[in-house]
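Single-structure report; data block below.
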Amino acid sequence: MSNTPQTLFDKIWDNHVVKRQEGYPDVVFIDRHFIHEVTSPQAFDGLRKRGAKVFNVNRTTATADHNVPTKDQHLPIREALSRHQVEKLRENCKEFGIELYDLLHPFQGIVHVIGPELGITQPGMTIVCGDSHTSTHGAFGNVAFGIGTSEVEQVLTTQCIIQSKPKKMLIEVNGTLEKGVTAKDLILYIIAKISAAGATGYFVEYAGEAIRNLTMEGRMTVCNMSIEMGARGGMIAPDEVTFAYLKGRRFAPQGEEFDRKVEAWKELKTDEGAQFDKVLTFDAADIKPMITYGTNPGMGIGVTDHVPTLEEIPTTEQPSFEKSLNYMGLKPGESLLGKAIDYVFIGSCTNARIEDLREVAEFVKGKQKASGIEVWIVPGSNQVAEQARAEGLDKVFEGAGFELRGPGCSACLGMNEDKVPAGKYAVSTSNRNFEGRQGPGARTLLVSPLTAAVAAVTGKVGDVRELV
Amino acid sequence: MKETITTLTSQAAPLPIENIDTDQIIPARFLKATTREGFGDNLFRDWRYNADDTPKTDFVLNDPTYKAARILVAGKNFGMGSSREHAAWAIHDYGFSVVISSFFADIFRNNSLNNFVLPVQVSDEFLAKTFAVIEADPYAQITVDLENQQVTLPDGTATAFDINPYKKNCLMNGYDDIDYLISLRPEIEAFQASQV
């Protein structure tokens, strides 16, 4: 080993390189591969065509999440193409011997929610999945990134991926977050500052007091949205918060083995003096509750701010800006505070964990859903749903007129029936506000679970700081 | 016959919009197929068709002028968002072999290279010039030469582009990543065995 100070990213990546040669991308060994119904069928076809087996079924975990219904999950899936895709996943997992957490299985849920909650996701790993939000797993100090289906096939066949090593970025967030300002606001703020392409080509490490003070679930929310600024992935060095979260989880090491692992995991940090290609520093005190107004996650503002005026946008970017506002039915310079909304979606791999549901329940307790709007609460997994019921959160939601549904990706991408109608405004705790993302013509305003809770009970965009 | 990319001279379809995400290239509701074929029909579905499935006449792919285009020229930061390889499949299936932009999202770049769609990254200035050339003459022929890593406009203006030498070799010869990885199997097994 050289004595040159190394970043955490370099340590984990270099430690997994099976082959590095001039002119070639690295061949990187993958510790953990998650698969789901949408991006895997063509990869399995590739294996069949070659007569190949899965390299190591014990390193592969499957679940159905992207297109599954969130109501009546015990019944056959009504939509024929979705049903076919889920059945294909069952057949493929059976044929190749991969464990599948199917609908109704107690471990089923959104792939990036179940990996951590089951303790499959552990520090120091390389993790991939045919889904861009695989960056979520970086919250445990992992190199985790989304891949395409051809790459899913590479990993299934050889447990390796051919990949050029990204550059490294450090994002430090110092200070403390104001009350009512959450992990979601923190990451939406960073993306708004650096744009939806601000970290393309980079792997990000998040550090600083505000990051350290986040819970594991908050850290997952931050790492989850790394892709929304273009980053290849995002990571946070593991610490006592990480170890406490993992202790006792289903597939985490147990007993003395766990203690031994913790000693090794404590070494997983960026060395003093290690070089990053880019360093950005933010102050947590500058962050307000955030909301997006446009059609990419970089188009975000504080809830009390106004949509930029045309003059505030560089000339070359004005046509795209105007196209975006036209889609959203908003005007340059407009304030979103007090704007009436139609739907509230609390769910997705960004914000559908138990802490998110607790936060929403605590706020809505004793309050009622605003009239004329719909509120969907879609838990990240069956385990989250079960925990919510055990804590009586379902009763709180029911009392408020909300509905706690079955787990899945749901209205985050509208592959199942959970779509927002054209022209309607959806306040959403998900990760993308692209045109048509939540349904053709749907208009998405991305927010934190707390800000979504405010919208659910008032029917409007509001400043949660005035209410907590 | 194995598919390859070497040199292409073609008309180009202009899409001067920035930050085009893969949800626009192929919306999620069209990701339910379990094969790689047929995605071209739904390429840019919601920009290309109205809710009643009638074509939007002002969208570039519905303009017969650009029918022969095998090059797509798009605004900065093309292919952001979802990792869906279906986006690359849709572009390829529609008939494009090259996308020219001044910036590409990482996952989309990988996915295109794995599907014989060549992402050609040029400067903002060269991109602006390319759009201007197409606006002046929609039938302008643009040449993309992979071997020499060069794009040339009809007036002879040319610029170089980058590509990883390994990926270039794969595209020019129709080589497959998985064949290469399988050839490393003993090394991969040894690596796995060395992991604690």
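Values quoted throughout were computed directly from the atomic coordinates according to the rules given, and no laboratory measurement underlies them. Given the structure is predicted, the values throughout are model-derived calculations rather than measurements. A quick note on method: Cβ atoms are made from the backbone with ideal geometry, for glycine too, and the neighbour counts reach across all protein chains shown.
For peptide B:82-93, the mean count of partner chain Cβ atoms within 10 Å of a residue's Cβ comes to 5.
The charge dipole of the stretch A:383-468, taken about the Cα centre with unit charges on the Cβ atoms of Lys, Arg (+1) and Asp, Glu (-1), comes to about 300 debye, rounded to the nearest 20.
Residues whose amide H falls under 5 Å from that of A:Glu205, counting only those 5 or more places apart or on a different chain, are A:Met169, A:Leu170, A:Ile171, A:Met235, with hydrogens built in the peptide plane. Take each residue of peptide B:184-191, count the partner chain Cβ atoms within 10 Å of its Cβ, and average: the result is 5. Sequence-ordered 3J(HN,Hα) estimates for the stretch A:173-181 from the Karplus curve with 6.51, -1.76 and 1.60 and θ = phi - 60° stand at 10, 8, x, 10, 7, 5, 4, x, 9 Hz, glycine and proline given as x.
A Förster radius of 22 Å combined with the Cβ-Cβ distance from B:Asp155 to B:Thr65 puts the calculated FRET efficiency at roughly 0.65. Quote the relative contact order of chain A in percent (integer), defining contacts as alpha-carbon pairs under 8 Å separated by 6+ residues. Relative CO of chain A lands at 17 percent. For the stretch A:1-60, the direction-averaged projected area of the alpha-carbon convex hull comes to 6.5 nm².
Assuming charge only on the beta carbon of Lys and Arg (+1) and of Asp and Glu (-1), the dipole of the stretch A:1-68 about its Cα centre is about 340 debye to the nearest 20. With a 10 Å cut-off around each Cβ of A:144-156, the average count of Cβ atoms from other chains is 6. Have a look at A:Ala207, A:Ile190, A:Met220 and report the one farthest towards the positive end of the charge dipole of the stretch A:172-244, computed about the Cα centre with Cβ charges (Lys/Arg +1, Asp/Glu -1). Positive-end residue among those listed: A:Ile190.
Given R0 = 25 Å, the distance between the Cβ atoms of A:Glu172 and A:Glu267 translates into a calculated FRET efficiency of 0.75. For the stretch A:318-410, the number of Lys pairs separated by eight or more positions or lying on different chains, with C-alpha atoms closer than 24 Å, is 9. The distance from the alpha carbon centre of the stretch A:1-62 to that of the stretch A:233-276 is 21 Å, rounded to a whole number. Computed about its Cα centre, the charge dipole of the stretch A:21-117 is approximately 320 debye, with only Lys, Arg, Asp and Glu carrying charge at their Cβ.
The value of relative contact order for chain B, using C-alpha pairs under 8 Å at least six residues apart, is 25 percent. Considering only A:Pro440, A:Leu404, A:Ala452, and ranking their Cα positions along the charge dipole of the stretch A:393-468 that arises from unit charges at the beta-carbon of Lys, Arg, Asp and Glu, the one farthest toward the positive end is A:Pro440. Considering only B:Thr143, B:Thr34, B:Thr130, the Gaussian network model of chain B with Cα springs below 10 Å gives its largest mean-square fluctuation to B:Thr34. Here the simple spin-label model places points 7 Å from the Cα toward Cβ, and for A:Glu386 and B:Ile17 these points are separated by 4.4 nm. Within chain A, antiparallel bridges make up roughly 25 percent of the DSSP beta bridges whose residues both belong there.
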